[in-house]
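The values are calculated or read from the model by the stated rules, or taken from the named source; none is laboratory data. Keep in mind that what you see is a predicted model, and the values were worked out from it rather than measured. Please note: Cβ atoms are built from the backbone with ideal geometry, for glycine as well, and neighbour counts cover all protein chains shown. Note: accessible area is taken over every heavy atom of the protein model, side chains too, but ligands, DNA and RNA are not part of it. Shrake-Rupley method; radii C 1.70, N 1.55, O 1.52, S 1.80 Å.
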Amino acid sequence: MEENRKLIKKRTTAFIVVIVLIFAAFIIDLFSIQIINAEQYTSQRVALSRADTTIEAARGEILDCNGKPLVTNRQINSVIFNGSYFPSTKEQEQRNEIIISLIRLTESYNAQWNFEIPLYLDENGTVQFKPDSEADIKLLKSKSILYLNEYATAQNCFDELKEKFSLQQYSDIDALKIGSVCYSLKKSVFSVTNPYTFADDVSVELASAIKENSRFYQGVEIKVVSARQYLDGTVAPHIIGVVGKLNAQEYKNKSEEYSIATSDETLTAEQKQTLKLRAYSMNDTIGKFGLEASMEQYLRGTNGIESTITDSKGNKTTELSVKPVQGDTVVLTVDSDLQLKVQQALGNFVEANRTNKAIPAVGAAVVMDVNSAAVLACATYPSYNLETYYQDYSALSQNKSSPLWNRALQSTYEPGSTFKLSVALAGLEEGVITKDTRFVCNHIYSAFKDTQFKCLGYHGSISVAEALNQSCNIFFYETGRQLGIEKMNDYCSRLGLGQKTGVEISESTGVLASISYREAHGGTWYPGDTVQAAIGQSDNLFTPIQLCNYVATIANGGTRYKAHFVKSVKSADFSETVIDSTPIVLNETGISQQSINTVKEGMMRYGARVPALSALPMPVAAKSGTAESKAKVNGKIESGLNGFMVSFAPADKPEIAVCVAIENLNSGTATAALVADIYRAYFGVTSEVNQSSAYNTLLN
């Protein structure tokens, strides 16, 4: 009995202790809420909702090798729909009133707004699909927008558009305009967290008019954002490139990349947040081509977050939660002053040499540091202006001279006699010839009974250095025949011919003539093809930048570097180096200095013989080339000649290599005047050269 009372007393005591502890914990928690963390809990009580909006980060800048800005950002006024305040889809009629009023106001200021729907009204008032808009038309008909069958007509789409967005009371033109905005809102997944850009760049006056009527234009805001600005839009436009709005395929690709990146389970919360802030929305811009595209991952900044907080009384306040971070700065190897001079020299030369009216001359020029393959200048003519690229695009794309085409990196040409440098090196290294070997040139090469090949001259007994100087075909026919195509191509490959140079933007691979290439294209390789290949014909096709890197490799003694336009990448505040400027070696050719010196001797003889080059204050090593070209013009095949020159200077201590390629020119030697202009621009030589004898001289 006594034991039971003791047990009950213990249980009672334990119960009381538990109750005291619970009350103590409650009191401590209450003290924490009301006294210690009062401000935090008051804020949570008052803030009934919180919506985060992305703040676009400024894009990184692009500078030339001397730090001169080529592409920067300017501040513009954009008209933005903020999902926190803009009427919802349940208030479609109010949405429509705001949209049409905003459209009329914008147009009254002669400003452009983003009309993106792939429909238009023709001159008869009939609805049509926009041409070349297959992807957008498919999206318009998709489940996410109009939910129509694939075979739906433009009129079907328009009728459904009016029905879906309550546009029956409006005229067709107004309904189409409002419908375009509604389509864009759906396409871009407009929401509280994803604003929509109605107009990209509006005047201060229009921005003020919108602000003055902010009570009516509910959710329509003026945001100061950055847009691309060019120091001079004509500087290297093919290299720099442009930015533009994401298309449907680009958005899909970026969304897939984001999904893959975020699926990594090892990511920290901070890394996931960064990925989210760098993710793309449909309203975003992206590099479309050139360095703007290839350096996108560096140029794109990390977005910030702006939070809109709604309290218990419905009042809304906005604050910057995460500050946006500007994209990295890309520093180029290109010297903008030299680039402009090369562009001007190229343009002047082409315009002065348009002798074939049926196939007008066009061309390219590349200047490269021989000890790093850094591209100092890269020009294509005709060209265009990045500042007016989109306004001029229609005319540029229809121009028969194809100014949008990057000839320096994308066009491939038979190299003509510039190829003989590689054959000479292969012959010397393989022992087929020596420095003192002589072949006799009597104009006709008769090694094959059934086929004759010719030289342009009668050179008599000639050595390899003089054969390069005089560009004797016979010497290289015989050297190539004795080498065979496989050995010849071994050295050509070491020198980078028929391979990409490694530059950061799109380039063609070219073709190194070979048995395998011919057979892969359904042809047959004959012995005569080997001797034709040895003088830069047959199937050989190379880009100007490839030829420039090839001669730069010879100039520096046999090291082939990766060609590049990017010197370095720095953080926006220059506190961090993301990519340094260390040159990358692709391969050592293994070619002896003795063989290289023999080839250089031939090139120096040529440079000393051509007046435009010999008049320069520094020795120039060069080799010209001429190749036939054909083009179909108005249904008729027109023939012409392409002229090339590869060179480096100073010949005794090389600094830069230069390659020029001019389509539809009478000969490669004629390009010496242009090459001389480029060297004068680089070395700061101002003296004029009598160039008359450099023109209209047919030297292969």
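Going through SER84, SER101, SER88, SER133 one at a time, which residue ends up being within 33 Å of the chain's Cα centre (by Cα) and at negative phi? Spell out how you get there, then give the answer.
On the way: SER84 fails: within 33 Å of the chain's Cα centre (by Cα); SER101 fails: within 33 Å of the chain's Cα centre (by Cα); SER88 fails: within 33 Å of the chain's Cα centre (by Cα).
None of the others qualify; the one that does is SER133.
Those residues that are outside any strand (DSSP E or B) and either open to solvent by 30 Å² or more (accessible area, probe 1.4 Å) or farther than 10 Å from PRO237 by Cα (or both), I need them from the range 375-391; list them, please. Step through it out loud before you land on a result.
Residues of the range 375-391 outside any strand (DSSP E or B): 382-391.
Within the range 375-391, PRO382, SER383, ASN385, GLU387, THR388, TYR390, GLN391 qualify.
Restricting to the range 538-556, what's the tally of residues that are more than 16 Å from GLU414 (Cβ to Cβ) and either in a loop (DSSP other than H, G, I, E, B) or modelled with pLDDT under 95 (or both)?
Matching residues across the range 538-556 total 1.
Can you tell me which residue within the range 435-461, out of those that are touching a residue at least 24 places away in the same chain (Cβ under 8 Å) and closer than 22 Å to ASN597 by Cα, is most open to solvent (accessible area, probe 1.4 Å)?
ARG438
How many residues, within the range 513-537, are part of a loop (DSSP other than H, G, I, E, B) and surrounded by 24 or more Cβ atoms within 10 Å (Cβ to Cβ)?
So the first thing to find is which residues in the range 513-537 are part of a loop (DSSP other than H, G, I, E, B), and the list is 513-514, 521-526, 534-537.
From what's left, surrounded by 24 or more Cβ atoms within 10 Å (Cβ to Cβ): 513, 534-536.
Total satisfying the criteria: 4.
Test of understanding: among SER383, SER397, which residue is out of contact with any strand residue (DSSP E or B) (no Cβ under 6 Å at 6 or more places or on another chain) and closer than 18 Å to VAL660 by Cβ? Talk me through it step by step, then tell me what you get.
Values: SER397 fails: closer than 18 Å to VAL660 by Cβ.
The conditions single out SER383.
Checking the conditions here, which among ASN556, ASN540 is of a type outside the set (D, E, K, R) and either open to solvent by less than 10 Å² (accessible area, probe 1.4 Å) or more than 18 Å from ILE591 (Cα to Cα) (or both)? Give the derivation first.
Numbers: ASN556 fails: either open to solvent by less than 10 Å² (accessible area, probe 1.4 Å) or more than 18 Å from ILE591 (Cα to Cα) (or both).
Within the list ASN556, ASN540, the selection yields ASN540.
Based on this model, can you work out whether CYS182 counts as in contact (Cβ under 8 Å) with a residue 24 or more places away in the chain, in contact with a helix residue (DSSP H, G or I) (Cβ under 7 Å, 6 or more places away or on another chain) and open to solvent by less than 30 Å² (accessible area, probe 1.4 Å)?
Numbers: in contact (Cβ under 8 Å) with a residue 24 or more places away in the chain: yes; in contact with a helix residue (DSSP H, G or I) (Cβ under 7 Å, 6 or more places away or on another chain): no; open to solvent by less than 30 Å² (accessible area, probe 1.4 Å): yes.
The answer is no for CYS182.
Six or more apart or on different chains, Cβ under 7 Å: which pairs go from a residue in the range 238-267 that's modelled with pLDDT under 95 and open to solvent by 40 Å² or more (accessible area, probe 1.4 Å) to one that's among the basic types (Lys, Arg) and outside any strand (DSSP E or B)? Could you list them?
THR262/LYS272
In contact (Cβ under 8 Å) with a residue 12 or more places away in the chain, of a type in the set (S, T, N, Q) and touching a Phe, Trp or Tyr at 6+ places or on another chain (Cβ under 8 Å): is that true of SER294 in this structure? Walk me through how you get there before you give the answer.
Values: in contact (Cβ under 8 Å) with a residue 12 or more places away in the chain: yes; of a type in the set (S, T, N, Q): yes; touching a Phe, Trp or Tyr at 6+ places or on another chain (Cβ under 8 Å): no.
In short, no.
Which residue pairs have Cβ atoms closer than 6 Å, lie 6 or more positions apart in sequence or on different chains, and pair a first residue in the range 365-381 that is without any contact (Cβ under 8 Å) to a residue 12 or more places away in the chain and closer than 29 Å to SER401 by Cβ with a second residue that is outside any strand (DSSP E or B) and among the polar types (S, T, N, Q)?
none
Got a number for residues in the range 475-484 being of a type outside the set (Lys, Arg), open to solvent by 10 Å² or more (accessible area, probe 1.4 Å) and part of a helix (DSSP H, G or I)? First the steps, then the outcome.
Residues of the range 475-484 that are of a type outside the set (Lys, Arg), as a first pass: 475-480, 482-484.
Among the residues that remain, those that are also open to solvent by 10 Å² or more (accessible area, probe 1.4 Å) are: 478, 482-484.
Retained after the next criterion (residues that are part of a helix (DSSP H, G or I)): 478, 482-483.
So the count comes out to 3.
So is GLY668 open to solvent by less than 10 Å² (accessible area, probe 1.4 Å) and at pLDDT below 80 or not? Don't jump to the end; show me each part of the working.
Details: open to solvent by less than 10 Å² (accessible area, probe 1.4 Å): yes; at pLDDT below 80: yes.
Here the answer is yes, as GLY668 does meet what is asked.
For the range 118-134, check the following and say yes or no: at least one residue is over 16 Å from LEU185 (Cβ atoms) and in a helix (DSSP H, G or I).
yes
Hey, can you tell me all the residues within the range 410-433 that are within 18 Å of GLY484 (Cβ to Cβ), open to solvent by 10 Å² or more (accessible area, probe 1.4 Å), touching a helix residue (DSSP H, G or I) at 6+ places or on another chain (Cβ under 9 Å) and part of a loop (DSSP other than H, G, I, E, B)? Don't jump to the end; show me each part of the working.
The first filter runs over the range 410-433 and keeps only residues within 18 Å of GLY484 (Cβ to Cβ), leaving 419-420, 422-433.
Among the residues that remain, those that are also open to solvent by 10 Å² or more (accessible area, probe 1.4 Å) are: 428-432.
Cutting the leftovers down to touching a helix residue (DSSP H, G or I) at 6+ places or on another chain (Cβ under 9 Å) gives us 428-430, 432.
VAL432, the sole residue that qualifies.
It is to be established whether one or more residues within the range 225-237 are under 26 Å from GLU504 (Cβ atoms), in contact with a Cys (Cβ under 7 Å, 6 or more places away or on another chain) and open to solvent by less than 40 Å² (accessible area, probe 1.4 Å).
Keep residues of the range 225-237 that are under 26 Å from GLU504 (Cβ atoms), which gives 226-237.
Now restrict to residues that are in contact with a Cys (Cβ under 7 Å, 6 or more places away or on another chain): 236.
Those still in the list that are open to solvent by less than 40 Å² (accessible area, probe 1.4 Å) too: 236.
Within the range 225-237 (the criterion being under 26 Å from GLU504 (Cβ atoms), in contact with a Cys (Cβ under 7 Å, 6 or more places away or on another chain) and open to solvent by less than 40 Å² (accessible area, probe 1.4 Å)), the answer is yes, since at least one residue qualifies.
Show the residue pairs that are 6+ apart or on different chains and have beta-carbon atoms under 6 Å apart, the first residue being within the range 59-83 and surrounded by fewer than 17 Cβ atoms within 10 Å (Cβ to Cβ) and part of a loop (DSSP other than H, G, I, E, B), the second being small (Gly, Ala, Ser) and at pLDDT 95 or above.
Pairs that qualify, where the first residue is surrounded by fewer than 17 Cβ atoms within 10 Å (Cβ to Cβ) and part of a loop (DSSP other than H, G, I, E, B) and the partner is small (Gly, Ala, Ser) and at pLDDT 95 or above, are LYS68/SER336.
Check off (1) at pLDDT below 90; (2) open to solvent by less than 40 Å² (accessible area, probe 1.4 Å) for VAL189 and give me the number that stays unchecked.
(2)
Among the residues of the range 108-117, which ones are open to solvent by 60 Å² or more (accessible area, probe 1.4 Å) and part of a loop (DSSP other than H, G, I, E, B)? Before you say what the answer is, go through the steps one by one.
Start the filter on the range 108-117 by keeping residues that are open to solvent by 60 Å² or more (accessible area, probe 1.4 Å), which leaves 108-110, 112, 115.
Passing the criteria: TYR109, ASN110, GLN112, PHE115.
Go through the range 280-311 and report how many residues are open to solvent by 30 Å² or more (accessible area, probe 1.4 Å) and either small (Gly, Ala, Ser) or assigned to a loop (DSSP other than H, G, I, E, B) (or both).
Matching residues across the range 280-311 total 5.
Just one of the numbered conditions (1) under 30 Å from VAL366 (Cα atoms); (2) touching a Lys or Arg at 6+ places or on another chain (Cβ under 8 Å); (3) in a loop (DSSP other than H, G, I, E, B); (4) not β-branched (Val, Ile, Thr) is not true of ASP232; which one?
(2)
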